[in-house]
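Chemist: Got a structure here, written out as structure tokens. Questions coming.
The values are calculated or read from the model by the stated rules, or taken from the named source; none is laboratory data. Remember, it's a predicted structure, so these values are computed and weren't measured experimentally. Positions of Cβ are backbone-derived with ideal geometry, glycine not excepted, and every protein chain shown enters the neighbour counts.
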Amino acid sequence: MCGKCCSCNCVYIDDYENVSEGVMTAQITFRPYSSADRDICLAIFYANCPEFFAVSERIDYERFLDSDPVGYELCLYNGSIAGAYGLTGNGAARQNLSWILLSPRTQRSGIGSAIMRKVLSLAKMAGSAQIHIAASHLSAPFFATFGAVTVRESKNGWGIGLHRIDMELHL
Ligand SMILES: CC(C)(COP(=O)(O)OP(=O)(O)OC[C@H]1O[C@@H](n2cnc3c(N)ncnc32)[C@H](O)[C@@H]1OP(=O)(O)O)[C@@H](O)C(=O)NCCC(=O)NCCS
């Protein structure tokens with residue numbers, strides 16, 4: 001049991017010590033999201049509130065998860081769920097990076113970069129020209145390291161003190 005929800009048999013990364021050295025040699029794998037992962041995704045979302053997500057965004061995330069989102073995947077670190085991300089859209093010119101989030105204990109260990117490498121690879125295979133990212137002022141520097149550029153800034157756009165930064169990543 002992950003201890004974060006009542007019914008699943010999943011192993012959740014927060015049951016482990018902080019991920020630190022060695023992430024580059026650790027096994028990072030992905031699998032499609034299913035409704036059985038809903039509680040654990042929400043637990044990771046809550047763990048990032050209110051620093052990275054406004055509590056009010058919870059409803060949007062729940063709606064997203066309940067829409068059976070094609071392209072949403074879990075990211076596993078040595079078999080344990082570390083986070084999730086989605087590359088969503090119709091596969092045409094422009095796609096969206098949706099709800100990328102990692103358990104706080106795994107952040108700044110290179111896992112997000114591994115996710116972005118997969119995102120870029122998937123988008124290129126789909127023939128996309130650009131990816132839209134609705135970031136915050138806290139996550140924007142991360143996306144900028146992959147070449148994303150700011151196209152719009154909205155002060156307090158996600159909530160008081162959490163500014164919305166819309167970015168485009170051109171492929
Ligand atoms: C944003 C997120 C996915 C990045 O994943 P990560 O695994 O932490 O990122 P990485 O370890 O691969 O970071 C690589 C580099 O990106 C930059 N970076 C990452 N997060 C950063 C941050 N919050 N601020 C500034 N730079 C950052 C750094 O240059 C970092 O290298 P360094 O740690 O050697 O300085 C993750 O931190 C996260 O889930 N954050 C909370 C949820 C969130 O904000 N999601 C984005 C919603 S749009």
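Chemist: Could you say whether any residue in segment 141-154 is surrounded by 18 or more Cβ atoms within 10 Å (Cβ to Cβ), in a strand (DSSP E or B) and β-branched (V, I, T)? Write out each step before concluding.
Modeler: As a first pass, look at segment 141-154 and keep what is surrounded by 18 or more Cβ atoms within 10 Å (Cβ to Cβ): 143, 148.
If we keep only those that are in a strand (DSSP E or B) as well, we get none.
The answer is no, given that none of the residues of segment 141-154 is surrounded by 18 or more Cβ atoms within 10 Å (Cβ to Cβ), in a strand (DSSP E or B) and β-branched (V, I, T).
Chemist: Among the strands (runs of 3 or more DSSP E) contained in segment 28-122, which hold 1 or more residues that are away from the ligand (no atom under 15 Å from the Cβ) and closer than 29 Å to N156 by Cα? Working first, answer last.
Modeler: Details: elements: 28-32, 72-77, 80-88, 94-102.
Because the criterion is at least 1 residues that are away from the ligand (no atom under 15 Å from the Cβ) and closer than 29 Å to N156 by Cα, the strands (runs of 3 or more DSSP E) in segment 28-122 that meet it are 94-102.
Chemist: What are the residues in segment 56-95 that are among the aliphatic types (A, V, I, L, M) and either modelled with pLDDT of 95 or more or within 15 Å of I115 (Cα to Cα) (or both), if any?
Modeler: Going through segment 56-95, the residues among the aliphatic types (A, V, I, L, M) turn out to be 59, 65, 70, 74, 76, 81-82, 84, 87, 92-93.
Correct list: I59, L65, L74, L76, I81, A82, A84, L87.
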